[in-house]
Amino acid sequence: METFNLHDRILGHSINNPEVKNFIDFFSLTLDIENDWSIDYNNREKGVYFVFEQKDKFENEFGSPKSIYTKDESELILKEISFENNYLEKRKDFDIQLPFNLKIGDSVDEIYQKIGKKPYEKDKGTSYDKAEYNYYFKIDDKKILIKLDEFIKFVWIRFWLISLSEKYVDELKKSLAKQNKNLNLENIETITNLKTKTPTKSWEIRMNEGDDIFNKEDIEFAQKVLETFIDTIYEATIQKKATKIYSAIKKVVVSFNRNGDYIETLEREELVNFIQDSVKLTGFAIEDNSDLTQQWREW
């Protein structure tokens, strides 16, 4: 089967879509993981992974599916595709054609030529997959992650749909200057007092009650990071600089990416709510149900 543009043909479609079924059969995918977040069909030997989500959850995250075949809210919709065959450990090439006709070992120039554009973002890879670099691309309503080794050669690729929240953030970034007029001093004193109301106060109580995910050094670090964030948005509000507030959100999130091993579900909710509620006090307009931290957050 032709896989050159399968991401265009099946992402966002129901598992009951004939073409999705054909690719599941073609790659010999079987159900591997089923939990509250996703349903994974894969073939680890071939290095092919399809991630589905129930229709009701998919609609909340991405909007309407591109095809549905039942009235069941739990109908599965394809949201992510990966081709990752653990090459860096096994040193085994893919035995299937990859999208864009990519091949392990392709150079950056070859990748750009095959995809037809350059990445909008690059960063260092994570240790768990041993890949050294991440290159991110956007094509229509899809994002592409290209993983590269230490020699900046192609290793694996992932496709997923751009969420409604990400689309909102993209539009927001284009209109940050318009946010300047929203900034006002109405809550400036409240912003100053935020330093005494950070999530670290609750964390310290939980630590003293025996919660061992925290230690004194982590809490002190978190408090310092949040105080710097508060000082920045305070100054930005006075200066009417929305871009400075937006940058402050990124800086505080990245700081916790680097030092946030203790952040679990409760701590994540506390931090995200604190950051967004603080920003709203400046007058910076944030759409309901949008999470401005998500684009950088690794916790």
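Look at (1) closer than 30 Å to N60 by Cβ; (2) surrounded by fewer than 13 Cβ atoms within 10 Å (Cβ to Cβ) and you find that E267 fails only one, number (2).
Residues in segment 10-19 that are buried (at least 17 other Cβ atoms within 10 Å of the Cβ) and either touching a Phe, Trp or Tyr at 6+ places or on another chain (Cβ under 8 Å) or not assigned by TED's automatic domain parsing to the domain that holds I77 (or both): I10, L11, G12, S14, I15, N17.
The set of residues in segment 76-93 being assigned to a loop (DSSP other than H, G, I, E, B) and touching a residue at least 12 places away in the same chain (Cβ under 8 Å) consists of E84, N85, N86. Hey, does segment 90-108 have a residue that's hydrophobic (A, V, I, L, M, F, W, C), touching a Phe, Trp or Tyr at 6+ places or on another chain (Cβ under 7 Å) and closer than 30 Å to I245 by Cα? Checking segment 90-108: not a single residue is hydrophobic (A, V, I, L, M, F, W, C), touching a Phe, Trp or Tyr at 6+ places or on another chain (Cβ under 7 Å) and closer than 30 Å to I245 by Cα. Condition first: assigned by TED's automatic domain parsing to the domain that holds I104, in contact (Cβ under 8 Å) with a residue 12 or more places away in the chain, under 27 Å from N289 (Cβ atoms) and not in a loop (DSSP other than H, G, I, E, B). Can you find one or more residues in segment 148-158 that meet it? Yes, segment 148-158 contains a residue that is assigned by TED's automatic domain parsing to the domain that holds I104, in contact (Cβ under 8 Å) with a residue 12 or more places away in the chain, under 27 Å from N289 (Cβ atoms) and not in a loop (DSSP other than H, G, I, E, B). Screening F137, F100 for residues that are aromatic (F, W, Y) and without any contact (Cβ under 8 Å) to a residue 24 or more places away in the chain leaves exactly one candidate, F137. Only one of the listed residues (D109, D56) is under 21 Å from D40 (Cα atoms), without any contact (Cβ under 8 Å) to a residue 60 or more places away in the chain and assigned to a helix (DSSP H, G or I). That residue is D56.
Of the residues making up segment 7-46, those that are at pLDDT 95 or above and assigned to a loop (DSSP other than H, G, I, E, B) are L11, G12, H13, I15, N16, N17, F27, S28, L29. Among the residues of this structure, T192 counts as one that is more than 28 Å from D123 (Cα to Cα), out of contact with any helix residue (DSSP H, G or I) (no Cβ under 6 Å at 6 or more places or on another chain), assigned to a helix (DSSP H, G or I) and modelled with pLDDT under 95. Quick check on segment 174-182. Is at least one of its residues at pLDDT 95 or above and either in contact with a Leu (Cβ under 6 Å, 6 or more places away or on another chain) or crowded, with 18+ Cβ neighbours inside 10 Å (or both)? Looking for residues that are at pLDDT 95 or above and either in contact with a Leu (Cβ under 6 Å, 6 or more places away or on another chain) or crowded, with 18+ Cβ neighbours inside 10 Å (or both), one finds at least one in segment 174-182, hence yes. Taken residue by residue, segment 128-138 has no member that is in contact with a Ser or Thr (Cβ under 9 Å, 6 or more places away or on another chain), closer than 28 Å to N60 by Cβ and crowded, with 19+ Cβ neighbours inside 10 Å.
If you go through segment 235-245 one residue at a time, do you hit one that is closer than 20 Å to I286 by Cα and free of Cβ contacts under 8 Å to residues at least 12 places away in the same chain? Within segment 235-245 (the criterion being closer than 20 Å to I286 by Cα and free of Cβ contacts under 8 Å to residues at least 12 places away in the same chain), the answer is yes, since at least one residue qualifies. Of V252, V225, all but one fail to be within 17 Å of the chain's Cα centre (by Cα) and in the same structural domain as A177 (by TED's automatic domain parsing); the exception is V252.
Please name all residue pairs, on different chains or six or more residues apart, with Cβ atoms under 6 Å, provided the first residue is in segment 166-179 and is touching a residue at least 12 places away in the same chain (Cβ under 8 Å) and over 14 Å from E61 (Cβ atoms) and the second residue is of a type in the set (G, A, S) and part of a helix (DSSP H, G or I). That search, which allows pairs on different chains as well, returns L176/A242; Q179/A242.
The values are calculated or read from the model by the stated rules, or taken from the named source; none is laboratory data. Just so we're clear, the structure is a prediction, and the values are computed from it rather than from any experiment. As a convention, Cβ positions derive from the backbone with ideal geometry for all residues, glycine included, and neighbour counts pool all protein chains shown.
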